[in-house]
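Below: the structure, in structure tokens.
The values are calculated or read from the model by the stated rules, or taken from the named source; none is laboratory data. Only a predicted model underlies this, so the values are computations on that prediction, with no experimental measurement involved. No Cβ is skipped: glycine too gets one built from the backbone with ideal geometry, and neighbour counts run over all protein chains shown.
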Amino acid sequence: MTKTSKLSGFYKQSPEERLRLVSEFADLSIDEASCISATGALSLDAADRMVENVIGIMEVPMGVAVNFLINGKDYLIPMAIEEPSVIAAASNAAKMAREGGGFTTSSTGPVMIGQIQAVGITDPGGARMRVLEKKDEIIRRANEVDPVLVKYGGGAKDVEARVVDTPGGKMVITHLIVDCRDAMGANAVNTMAETVAPYIEELTGGHVYLRIISNFADKRIMRGKAVFTKEAIGGDDVVDRILTAYHFAAGDPYRAATHNKGIMNGVSAAVLATGNDTRAIEAGAHVYASRSGAYRPLSTYEKNSNGDLVGTIEMPMAVGLVGGATKTNPIARAAVKILGVKTATEMGEVFVALGLAQNFAAMRALATEGIQRGHMGLHSRNIAIQAGATGDLVDKIAAIMVKEGKVRADRARELLDEMKGKEE
């Protein structure tokens, strides 16, 4: 039977039924499925070895975005996030994108940069040239410390050097260009940078201080595209409204920040679910958005000759399948299996497609009904629970608040008191 991520009515199912469907799609074992459904899958003992000063586990809801068709392949995308409406919006956007053939993606490969800072140099221009002249020797020394990465086709591939004028004087910054394969790369790149640092001191005649990876991963770019047909998204007027909203973001950094936050709603949730580094991804994304000297959207929207909306996205995506919490957290391991990717590059391309879907969903909501209608409809249940509602009362109170347009804690408490009074 052909697998498909197009699961109609997925949101209507119970958590148990949704997990059963996902398990069938991803061929999860009983143990893997139980790990996802049970709280405490990450033991205190394991957590205590992951970070410092552990006192417990902070759990975040994990859902699955459905309907994704990327490069002709179906995906279910695990997302760990506390914000309501995000997963539903991404799934709906992916459903609309299918009408135009789904998402297509491409990338530049899993390349990261290690920076080596040399200071106190009398001839920074000459020192830069000496570093570049010894590029092959620098690469050789770097690769000696990670023969396994080299064995799999990765390792240091190139060396760049820049003279950077700073408030503390001119510095020579050497960039070690490393193909990280299926790792995010921080450990490998940092080790290589530290290894070649003494040699950089020898070449430059300066002192090396920082030797560390850069999270501005501009050599590890993921790109995505989708055509949202005008019929699928509500007609010509909706296309034009979304374009107007995009133009606002393209011209105003205050709007662009929120525009990009919508992208990261999807990306960060998937990054977190798979045990990758959300902070690194977010830092790189926002620097990339500012690379022109002004803060701009990571996505673009245009109208094609048929009048359909064409959305594109481009951003750094330093994620990995090996190392870190991706391997030590059992839920992250199961999430990667649900995702079904074979390489870190494939993972990054799926995540960038998710970011575009999330962004499109927010743009369409803003351009039509407003963001609050769908968002508050889902948020109302959280408010009802906070007020003390349980069982059927949660949905009853939420429905009343949405109908009234008063999704507030005080109104939820009033309704709860009234309903309890009637029961008594």
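For first residues located in region 142-155 and among the hydroxyl-bearing types (Ser, Thr, Tyr), partners that are assigned to a loop (DSSP other than H, G, I, E, B) and buried (at least 16 other Cβ atoms within 10 Å of the Cβ) and lie 6+ apart or on another chain with Cβ distances below 7 Å form the pairs Tyr152/Arg181. Could you check region 1-17 and list, in sequence order, the residues that are surrounded by 18 or more Cβ atoms within 10 Å (Cβ to Cβ) and within 21 Å of Arg333 (Cα to Cα)? Once the filter is applied, which keeps residues that are surrounded by 18 or more Cβ atoms within 10 Å (Cβ to Cβ) and within 21 Å of Arg333 (Cα to Cα), region 1-17 yields only Ser5. A single member of Lys337, Lys303, Lys403 is of a type in the set (Lys, Arg) and without any contact (Cβ under 8 Å) to a residue 60 or more places away in the chain, and it is Lys403.
Answer yes or no: is there a residue in region 128-136 that is surrounded by 20 or more Cβ atoms within 10 Å (Cβ to Cβ), in contact (Cβ under 8 Å) with a residue 12 or more places away in the chain and within 26 Å of Thr326 (Cβ to Cβ). No - not one qualifying residue is present in region 128-136. Here region 172-199 is the region considered, the condition is being closer than 15 Å to Val119 by Cα and touching an Asp or Glu at 6+ places or on another chain (Cβ under 8 Å), and the residue that is surrounded by the most Cβ atoms within 10 Å (Cβ to Cβ) is Thr174.
Given the criteria buried (at least 16 other Cβ atoms within 10 Å of the Cβ), in a loop (DSSP other than H, G, I, E, B) and on the phi > 0 side of the Ramachandran plot, does Gly275 qualify? So Gly275 passes the test.
Does any residue of region 365-377 turn out to be among the acidic types (Asp, Glu) and out of contact with any strand residue (DSSP E or B) (no Cβ under 7 Å at 6 or more places or on another chain)? Scanning region 365-377 turns up at least one residue that is among the acidic types (Asp, Glu) and out of contact with any strand residue (DSSP E or B) (no Cβ under 7 Å at 6 or more places or on another chain).
Quick check: is even one residue across region 310-332 farther than 16 Å from Gly224 by Cβ, part of a helix (DSSP H, G or I), among the charged types (D, E, K, R) and touching a residue at least 24 places away in the same chain (Cβ under 8 Å)? The answer is yes; a qualifying residue exists.
Here region 241-263 is the region considered, the condition is being more than 22 Å from Met317 (Cα to Cα) and free of Cβ contacts under 8 Å to residues at least 24 places away in the same chain, and the residue that is surrounded by the fewest Cβ atoms within 10 Å (Cβ to Cβ) is Tyr254. The number of residues in region 42-85 being assigned to a helix (DSSP H, G or I), modelled with pLDDT of 85 or more and not hydrophobic (A, V, I, L, M, F, W, C) comes to 2. Filtered by the rule that a residue be surrounded by fewer than 22 Cβ atoms within 10 Å (Cβ to Cβ) and over 18 Å from the mean Cα position of the chain (by Cα), region 301-316 gives Glu302, Lys303, Asn304, Ser305, Asn306, Gly307, Asp308, Val310. Taking the criterion of being of a type in the set (Gly, Ala, Ser), touching a residue at least 12 places away in the same chain (Cβ under 8 Å) and surrounded by fewer than 18 Cβ atoms within 10 Å (Cβ to Cβ), the residues of region 42-74 that qualify are Ala46, Gly56, Gly72. One residue stands out among those in region 26-40 that are under 14 Å from Gly340 (Cβ atoms) and not in a loop (DSSP other than H, G, I, E, B): the one that is modelled with the lowest pLDDT, which is Glu32. Being in the same structural domain as Glu137 (by TED's automatic domain parsing) and in contact with a Phe, Trp or Tyr (Cβ under 6 Å, 6 or more places away or on another chain): is that true of Arg181 here? Answer is yes for this residue.
When you look at Ser23, is it outside any loop (DSSP other than H, G, I, E, B), among the hydroxyl-bearing types (Ser, Thr, Tyr) and either out of contact with any strand residue (DSSP E or B) (no Cβ under 8 Å at 6 or more places or on another chain) or not assigned by TED's automatic domain parsing to the domain that holds Gly355 (or both), yes or no? For Ser23, the condition - outside any loop (DSSP other than H, G, I, E, B), among the hydroxyl-bearing types (Ser, Thr, Tyr) and either out of contact with any strand residue (DSSP E or B) (no Cβ under 8 Å at 6 or more places or on another chain) or not assigned by TED's automatic domain parsing to the domain that holds Gly355 (or both) - is met.
Taken together, the residues in region 210-231 that are surrounded by fewer than 18 Cβ atoms within 10 Å (Cβ to Cβ) and either assigned to a strand (DSSP E or B) or among the small types (Gly, Ala, Ser) (or both) amount to 2.
Among the residues of region 198-215, those that are over 28 Å from Asn276 (Cα atoms) and of a type in the set (A, V, I, L, M) comprise Ile200, Leu203, Val208.
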